[in-house]
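The values are calculated or read from the model by the stated rules, or taken from the named source; none is laboratory data. This structure is a prediction, so every number in the text was calculated from the model and none was measured. Here the Cβ positions follow ideal geometry from the backbone for every residue, glycine too, while neighbour counts run over all protein chains shown.
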Amino acid sequence: MAGGDHGGVRRRDAGRPAVGLAHQRRRREPPLCPGAAGARADRRIPAEPAAVTRLDPTPFAADAALSVVWDALPEARVAGGAVRDSLAGRPVSDIDLATPRPPQDVTAALSRAGVRVVPTGVTHGTVTAVVQGRGFEITTLRHDVETDGRHAVVAFTDDWQADASRRDFTINAMSMTRDGTVYDYFGGVADLAAGRVRFVGDAVARIHEDYLRILRYFRFYGRYASQPPDADTVAALVEGIPGLARLSVERVWAELRLILGADDPAASVALMVRLGIWQAVLPEATPVERLAGLPADPILRLAAMLSGDPLALALRLKLSNHDRDRLVRLAATPSVRAEDDDATLRRLLADHRTEDLIDRVWLDGGPAALRQRLAAMPRPVFPLVGRHVRALGVSQGPRVGELLRDVRQWWLDGGCVADATACRAELARRACAAG
C-alpha cells in the first residue's frame, strides 16, 4: 500500500476486527440537508448519500436503560465508538447518542419521561441522561464554525452528515438508529473491515482543527489497523508535528496512556518513533523494543521505556499522585532472580511491595514462575515498634531507633522468620549488652 516507505510497519491480520454484518440490507439515504450554513471552507466534504446497513439482530435491543432514553428521544442515534465496536464485535462500554433536537428540547423530553438530566456540556450541546445508575451522553448535531488547533466553536444543525463530517476518523463517524440501521457517510464500515484508520475528508484539515488527532490516530491504529497508513496520511501526520506543542500536557498524556494501554502497542509506537511523533511528545521514553511481552499496563510500559529521571517525567506529564509514586518506585525496585531462595524473596518482600517486585520481574523479562512465587508468598512484617524498646527502660531518643534498626537487620539476615517473641528476646539481649 502507498506510504509504506514512511510508515511501513506491517500489522498482523489477526489483529483486525471482524465486522459482523450478517443478515444486512444496504440502501442509499439522501442527506437531510445539502450542507450546514456557516461551515468552514476547508470542511466542505461533498454531500453524498449515506451507505445504510441494517444489523440483525439489533444491537442494544436488550438494553433497558437505553430503551428509556430512546422512548423519550425516538429520533436519536447511537453515535461514534459504540457503533464502531458493535460492528467490530467488540465489547461496548459507553453509549453516546446524537440528536437534531437542541439541548433544551432534549432536556424537556427526558424530564417528561422522568429521566434525570445533568447539563454536563450544555454550551456545546451535550447533556447526560441518568437512567438506572448509568449515564448516556446526548449531544445535539453540530458543525464547526471556528477551530484553533485545540478547541472548536460550534453551531447546532439538523444535518447528520454535517455532524459526521466533524468527526476524526471514518470508523468513528457512523451512527445507528434504534432498529439497527447504521448510517455511514464516509466509508467507515469498509475501513473497519479492511483494518484501515482513515481521516474523514482531508487529513491535514482534520489535524489542524485539533492537533490531538495525531495522537488519537495512533490510539485507533493500535486497536483497529491491520495495514499501514497511506502516503497522504503519513504526510499529514508529520506535517502536524509542530502543532503538538500547542496541546496541554494533560491531553497529551491522556492519549499516550490509551496508546500504551492497547493489547499490543509496539507497532503503533514504533511507527510514531519512525515518524518523529513519539520523540515530540515523550523524548524521555523511546526504546520501543522494551514493550515486548509486557501486559497492557500503561505505567509499567512507560517505566520499561523510560531512560530519564522518573520523577521529572511524572511532574512534566502531571501524572496523578498514584501513577507518579508508582513510576518512581518501579525505578527504585531491585531486580529479583529466578535462582533467589525463599529467604532472599522474603527479605525483598519486607522492604518492597509485592506488586512492585512482580512488576520488576516483568520489566526484567523474568519467568512467570518467579512472579507466581512472589504472589504466593505472604509479605513478612517486622513485629517490633518503638514502644517495645521503651518498655525495656530505654529513654526516648536516637537509641530507640538504633536498637530497632539493629534487631530488624538481625531479623532480615535470618530470612524474616523470627516471630515477635524471638525478636523481643533479641531486643532485650542487645539493650542489656549496651547497658
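When residues of the range 249-270 are filtered for being in contact (Cβ under 8 Å) with a residue 24 or more places away in the chain and surrounded by fewer than 19 Cβ atoms within 10 Å (Cβ to Cβ), how many remain? Write out each step before concluding.
Restricting attention to the range 249-270, the residues satisfying the condition of being in contact (Cβ under 8 Å) with a residue 24 or more places away in the chain are 249-253, 255-270.
Imposing the further condition that a residue be surrounded by fewer than 19 Cβ atoms within 10 Å (Cβ to Cβ) reduces the set to 249-251, 257-258, 261, 263-264, 266, 270.
Residues in the range 249-270 being in contact (Cβ under 8 Å) with a residue 24 or more places away in the chain and surrounded by fewer than 19 Cβ atoms within 10 Å (Cβ to Cβ): 10 in total.
Residues that are without any contact (Cβ under 8 Å) to a residue 60 or more places away in the chain and polar (S, T, N, Q) within the range 76-122 comprise 93, 99, 104, 107, 111, 120, listed in sequence order. Restricting 84, 116, 90 to those that are under 22 Å from residue 189 (Cα atoms), basic (Lys, Arg) and modelled with pLDDT of 95 or more reduces the list to 84. What do you reckon, is residue 281 out of contact with any His (no Cβ under 6 Å at 6 or more places or on another chain) and over 26 Å from residue 188 (Cα atoms)? Yes, satisfied.
Residues 163, 191, 144, 158: which one is in a loop (DSSP other than H, G, I, E, B) and either among the charged types (D, E, K, R) or under 26 Å from the mean Cα position of the chain (by Cα) (or both)?
Values: 163 fails: in a loop (DSSP other than H, G, I, E, B); 191 fails: in a loop (DSSP other than H, G, I, E, B); 144 fails: in a loop (DSSP other than H, G, I, E, B).
That would be 158, the only listed residue that is in a loop (DSSP other than H, G, I, E, B) and either among the charged types (D, E, K, R) or under 26 Å from the mean Cα position of the chain (by Cα) (or both).
Residue count for the range 172-216 satisfying the condition of being free of Cβ contacts under 8 Å to residues at least 60 places away in the same chain and of a type in the set (D, E, K, R): 6.
Among the candidates 324, 316, which residue alone is under 30 Å from residue 281 (Cβ atoms), surrounded by 17 or more Cβ atoms within 10 Å (Cβ to Cβ) and not β-branched (Val, Ile, Thr)? The conditions single out 324. Residue 408 - would you say it is without any contact (Cβ under 8 Å) to a residue 60 or more places away in the chain and touching a Phe, Trp or Tyr at 6+ places or on another chain (Cβ under 9 Å)? Spelling it out, residue 408 is indeed without any contact (Cβ under 8 Å) to a residue 60 or more places away in the chain and touching a Phe, Trp or Tyr at 6+ places or on another chain (Cβ under 9 Å). Of all residues in the range 216-268, those satisfying the criterion of being among the basic types (Lys, Arg) and either part of a loop (DSSP other than H, G, I, E, B) or closer than 19 Å to residue 291 by Cα (or both) are 219, 223, 257. If we only count helices (runs of 4 or more DSSP H) wholly inside the range 271-377, which ones have 2 or more residues that are in contact (Cβ under 8 Å) with a residue 60 or more places away in the chain, of a type outside the set (Ser, Thr, Tyr) and under 23 Å from residue 251 (Cα atoms)? Helices (runs of 4 or more DSSP H) meeting the threshold: 277-281, 298-305, 310-317. For the structure I just gave you, tell me whether residue 421 is assigned to a helix (DSSP H, G or I) and exposed (fewer than 11 other Cβ atoms within 10 Å of the Cβ). Yes.
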